[in-house]
Amino acid sequence: MSRFLILPTVKVANLASHVLSLAAARIAGDWQARYGITPVLLETFVDCSRYRGTCYRAANWILLGQTQGRGRQDRRHTAEGTSKDIWVYPLQPQWRAGLGAGAASPILNKRTAPGDWAEEEFAGCALPDTRLTARLLTLARDFYARPMANVPQACASRAKTKAAYRFLEHADTTMDTLLQPHYRATEARVSKQAIVLAVQDSSSLDYTTHRATEGLGPIGSWAQAPQGLHLHSTLAFSEQGTPLGFLDVQCWARDRRAFGKKQLRHQLPIAAKESYKWLKSYRALAAVQARCPQTTLVSVGDREADLYELFAEAATDPAGPKLLVRAQHDRQLQDEQARLWQTLQAQPVAGIQVLQWPRQGSRAAREAQLAIRYAAVSLLAPTGHQGEPAMALWAVYAHEQQAPDGVQWLLLTTLPVTTFEQACAKLLWYTRRWGIEVLHRTLKSGCRIEQRQLGHADRLEACLAIDLVVAWRIYHLNKLGREHPDAACTLYFEDAEWKALMMFTTQNPVPPTKPPSLREAVRRVASLGGFLGRKGDGEPGTQTLWLGLQRLDDITAAISLMMRAATQPPVSSAIDSG
């Protein structure tokens, strides 16, 4: 701020400290979206000869001391200026470590071609010591090789386990820092696509059984609910459904003291609510859109994302990311007697679209025949936003007519929908949202993040950053094997891995000279995890893949050891007969 002034004629109680809290709540997301760097501390100066800084004190800012009275133009060191109070406000718990570590600019951070996937996703991390970066790469490889193992099992030695715990406890290994290189790698993949669907979704991580873990919060709707962390992630997908990586991840623990104040939620600005997570992720996506102008980015969200503030944010920048959100609220329309749902239900059926519905629990996979309706709508601002303009959007209504309890979706989008084909495309795009649920399930069941016992939420978040990328890679392998079945398996597997895989599954002790296709390799890995490959089984899922990858690592290590022993001359020992 060059100046912070509230005129004496304005008589609003606590207005100054309230404005400061609003600014502090959103500046980290704004700065990250604009510059690619997350700030850790706010600083300002107050002329103590004229002002007392009362509003900063009321807003919980910290007074550090005073300046010497020198300005930018004091080249003679005479300190003829006015001494000022120095006030700061931390934006992160580990702000001291964050200031010492600095931040790497996504533009200036150049590196050589990666040697393997771990280097591609984690090399160039802004850590203060190269040894920390080396340990990060080692942990990523170990976690991927044994996705279901705990930390000691994955590290496979006492020394590596101790080094892993020291890494996760380090003040500089925060989730945001560790994920920055993966964000850049994802952005590079995004830039090669014409359309990218950025799916936002939330999940909770339950650590109730780890009662000694500090820094957790309730994950239910009451103060004594199970303890854990909340996760909100944005995962990018190609139009065909291939996961390209994460573009934003947020993790936090709820404050137990905040429960019981639900009735006050309508009085709070969006920046003070938990639902602000949707806007924060959208702004991170907007920064990517600005750097990838040739790609159309579409933010996809479920009913929880039906927020007027989110649509208003998208309306401010027509060149920014587009929105595709499933409607939750039956909003009032401009110049219409009926509300949103009734208006769409009254539209003529444009056609029938058949969707393949995946298996859900005990419910088998099925075909859903959906009647499609669409229309342009103008939504009035809700209560609390009176006076703001109406929101011009397009709506797509899909209803399974033959099943009264079946699918009934109403989608809102900022993209034009003027034909049946465009409506079907938006419906298909929304189904990609299932992919992030698959990834969250992989994270919990495959990487077993909820079984991590690390003693503090900060360490869990650092470990979660690695597990997120590992879970994405397993899911990416699964999808790539389906979409590019004839590609060489060397895209994903090292020579030692695919040779050991073929030797073990074919029971042939002679290493093959030609690598199999990616589809064949994926199915063989899945067979190690229990995939039978029967005619009606379809393609393997992520569960059999992560089980198979864990077995493949042990098989590769054993076969490599035996092959080295076979090529080395025997070691003779001399016996002293005395």
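Each value in this text was obtained by applying a stated rule to the coordinates, not by laboratory testing. Being a predicted model, the structure only gives us computed values, none of them experimental. Heads up, the Cβs are rebuilt from the backbone with ideal geometry, glycines too, and the neighbour counts pull from every protein chain shown.
Data for the structure
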read-out	value
Kyte-Doolittle mean at least -0.5 and Cα axial length at least 30 Å: DSSP H helices in the chain	457-483, 542-567
Mean-position separation - Cα centroids, the range 273-333 and the range 134-198, in angstrom	28 Å
Amide H contacts under 5 Å for residue 207, placed H, 5+ residues apart	227, 228, 229
Relative contact order, percent, the range 280-405 [alpha-carbon distance under 8 Å, six or more residues apart]	18 percent
Cleavage-rule hits (chymotrypsin sites (Phe, Trp or Tyr not before Pro)) in the range 145-235: DSSP loop, at most 11 neighbouring Cβ within 10 angstrom	222
Full-extension gain in nm, residue 206 to residue 188, via 0.36 nm per residue minus C-alpha separation	3.2 nm
Aspartates and glutamates whose Cα lies under 14 Å from that of residue 273, excluding same-chain neighbours fewer than 8 positions away	255, 304, 309
Residues residue 437 and residue 383, FRET efficiency given R0 of 35 Å [Cβ-Cβ distance, rounded to 0.05]	0.60
Mean separation of Cα contacts under 8 Å, 6 or more apart, over the residue count of the chain: relative contact order %	11 percent
Gyration tensor over alpha-carbon atoms, the range 484-565, equivalent ellipsoid semi-axes in Å	21, 14, 11
In nm, spacing of pseudo-spin labels at residue 506 and residue 12 (7 Å Cα→C-beta vector)	7.4 nm
Selected from 503, 558, 488, residue furthest toward positive end of dipole (the range 484-565; charges at beta carbon)	503
Computed over the range 484-565: relative contact order in percent, which uses C-alpha pairs under 8 Å that are six or more apart	31 percent
Bins of 20 Å, starting at 0 and running to the largest distance - Cα pair percent for the chain	17, 47, 28, 7, 1, 0
Over the range 189-342, equivalent-ellipsoid semi-axes from the Cα gyration tensor in Å	30, 23, 13
At most 16 other Cβ within 10 Å, DSSP loop - GluC sites (Glu not before Pro), the range 269-365	274, 336
